[in-house]
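J.: My questions all concern the structure below.
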Amino acid sequence: MQLDERKWKILKAIIKTYLETGEPVGSRTISKYADLNLSSATIRNEMSDLEDLGYILQPHTSAGRIPSDKGYRLYVDQMMEEKDKEVTEIKEIMIQKQDKMDLILKEAAKVLAANTNYATMITTPQYRRTKLKFIQLSLVSEEQILVVVVAEGNVIKNKILRIVHNLDNETILKLNILLNSSLDGLTIEEINLSTIARLKVQAGIHSEIVNSVLDAVAEAIQMEEDIEIYTSGATNFFKYPELSDSEKASELISTFEEKKQLAALVNERNERQETGIQVYIGNETPVQTMKDCSVVTATYDLGDGMQGTIGIVGPKRMDYDKVISTLKTLMVQLDHIYHRNES
């Protein structure tokens, strides 16, 4: 039977409260939920209907209600359906945005090179504070479970875990609910020690699974994406005598064509959590082929943890004032273009 919206909200409130407290839930507790705006009497009537339908149980007279297996099943099925839909929508939106951003970034690299007469690079945006979207535990065998972690940006991590204590479908169901209700929407930084401790207590003898799942979450959230880098203006190196001899120019142009060292520069910058505008002069740059150059990098920020890197490479005598001013302007323009394209 399909529950109406009011019954469904009350059932969700009962399940979430019971997961948090482990105690039977009464109508007075449920009436405090801000989005219900119902009297205790109305809630009692609805709870009575939910009990008749088999979604909740009353463990003993005068006690509150607890979810039944049927209630848990409906909750998990609905949650999985909502999450699948949400992940699909996010993926479609991101593909559309990414296609637009790719064109914009390629053009921006060309314009930047033309305006400065230096070589330029721009990376596609990556998530820096990725949020957890969904966790799914499934039995593989008596000794193994499959953990599927879905993070923001449609990042998916699968991991097989060995288990010490046997798990049945009901326990897997309750662990799925516990993990998703506690961790959904959090970044790795927000999953603190008190959250972990509470999860372990609620998981009981299966607390070791919580540790393993959190490791999988960390791997999914922190998993490195392939960096896409757009470059332009590498031939501008020939305009500067100190960089134009055949060996130096060839090495610099190869660096821009192969992009591996550029990716290493971006990764090192990210690991150091360097943001804003950074200037590397000569030996300060981590890229060996650019020791005779100056490299100016900047972070553009599109919000929601999405950031990318812009870089300009030229001689040490580059026009720093013009370069930094141009980078600041481009950072603002990318933010404006990205959010204009959201609608």
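J.: Could you please let me know if residue 272 is modelled with pLDDT of 90 or more and surrounded by fewer than 19 Cβ atoms within 10 Å (Cβ to Cβ)?
T.: It is false that residue 272 is modelled with pLDDT of 90 or more and surrounded by fewer than 19 Cβ atoms within 10 Å (Cβ to Cβ).
J.: Specify the residue that is nearest to the chain's Cα centre (by Cα); the eligible residues are those in region 266-284 that are over 15 Å from residue 126 (Cα atoms) and in contact (Cβ under 8 Å) with a residue 12 or more places away in the chain.
T.: Among residues in region 266-284 that are over 15 Å from residue 126 (Cα atoms) and in contact (Cβ under 8 Å) with a residue 12 or more places away in the chain, the one nearest to the chain's Cα centre (by Cα) is 276.
J.: Could you check region 55-72 and list, in sequence order, the residues that are over 13 Å from residue 17 (Cα atoms) and of a type in the set (Gly, Ala, Ser)?
T.: Across region 55-72, the qualifying residues are 62, 63, 68, 71.
J.: If you don't mind, there's one more thing I want to ask. Taking residue 57 and the conditions (1) among the hydrophobic types (A, V, I, L, M, F, W, C); (2) at pLDDT below 90; (3) over 17 Å from residue 6 (Cβ atoms), which numbered condition does it fall short on, given that it satisfies the others?
T.: Result: residue 57 passes all but (2).
J.: Right, next: Name the single residue that is surrounded by the most Cβ atoms within 10 Å (Cβ to Cβ) among those in region 195-213 being touching a residue at least 24 places away in the same chain (Cβ under 8 Å) and over 13 Å from residue 132 (Cβ atoms).
T.: 209
J.: Check whether at least one residue in region 310-327 is farther than 23 Å from residue 125 by Cβ, of a type in the set (Ser, Thr, Tyr), in a helix (DSSP H, G or I) and more than 30 Å from the chain's Cα centre (by Cα), and report yes or no.
T.: Within region 310-327, one or more residues are farther than 23 Å from residue 125 by Cβ, of a type in the set (Ser, Thr, Tyr), in a helix (DSSP H, G or I) and more than 30 Å from the chain's Cα centre (by Cα).
J.: Just wondering, is there one or more residues in region 15-27 that are assigned to a loop (DSSP other than H, G, I, E, B), out of contact with any Ser or Thr (no Cβ under 9 Å at 6 or more places or on another chain) and not assigned by TED's automatic domain parsing to the domain that holds residue 178?
T.: The answer is yes, given that some residue of region 15-27 is assigned to a loop (DSSP other than H, G, I, E, B), out of contact with any Ser or Thr (no Cβ under 9 Å at 6 or more places or on another chain) and not assigned by TED's automatic domain parsing to the domain that holds residue 178.
J.: When residue 319 is evaluated against the numbered criteria (1) within 19 Å of residue 234 (Cβ to Cβ); (2) surrounded by 16 or more Cβ atoms within 10 Å (Cβ to Cβ), which criterion, by number, is the only one it fails?
T.: Failing condition for residue 319: (2).
J.: Continuing with the same structure: Could you list all residues from region 3-47 that are of a type in the set (Lys, Arg) and under 35 Å from the mean Cα position of the chain (by Cα)?
T.: Within region 3-47, 6, 7, 9, 12, 16, 32 meet the criteria.
J.: Another one. Can we say residue 83 is modelled with pLDDT under 75, within 30 Å of residue 124 (Cβ to Cβ), in a helix (DSSP H, G or I) and touching a Phe, Trp or Tyr at 6+ places or on another chain (Cβ under 7 Å)?
T.: Against the criterion (modelled with pLDDT under 75, within 30 Å of residue 124 (Cβ to Cβ), in a helix (DSSP H, G or I) and touching a Phe, Trp or Tyr at 6+ places or on another chain (Cβ under 7 Å)), residue 83 qualifies.
For every residue, the table says whether it meets (1) among the acidic types (Asp, Glu); (2) surrounded by 20 or more Cβ atoms within 10 Å (Cβ to Cβ).
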residue: 190; (1), (2): yes, no
residue: 193; (1), (2): no, no
residue: 219; (1), (2): yes, no
residue: 231; (1), (2): no, yes
residue: 235; (1), (2): no, no
residue: 244; (1), (2): no, no
residue: 251; (1), (2): yes, no
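J.: Further, regarding this structure: Working only within region 275-298, note down all residues that are part of a helix (DSSP H, G or I) and surrounded by fewer than 16 Cβ atoms within 10 Å (Cβ to Cβ).
T.: Across region 275-298, the qualifying residues are 282, 283, 284, 288.
J.: Of the residues in region 28-59, how many are assigned to a helix (DSSP H, G or I) and either polar (S, T, N, Q) or in contact (Cβ under 8 Å) with a residue 60 or more places away in the chain (or both)?
T.: Within region 28-59, residues that are assigned to a helix (DSSP H, G or I) and either polar (S, T, N, Q) or in contact (Cβ under 8 Å) with a residue 60 or more places away in the chain (or both) number 5.
J.: What residue, among those in region 127-152 that are under 19 Å from residue 182 (Cα atoms) and in a loop (DSSP other than H, G, I, E, B), is modelled with the lowest pLDDT?
T.: 129
The values are calculated or read from the model by the stated rules, or taken from the named source; none is laboratory data. Everything numeric here is computed off the predicted structure, so don't read it as measured data. Reconstructed Cβ throughout: ideal geometry from the backbone, glycine too, with neighbour counts over all protein chains shown.
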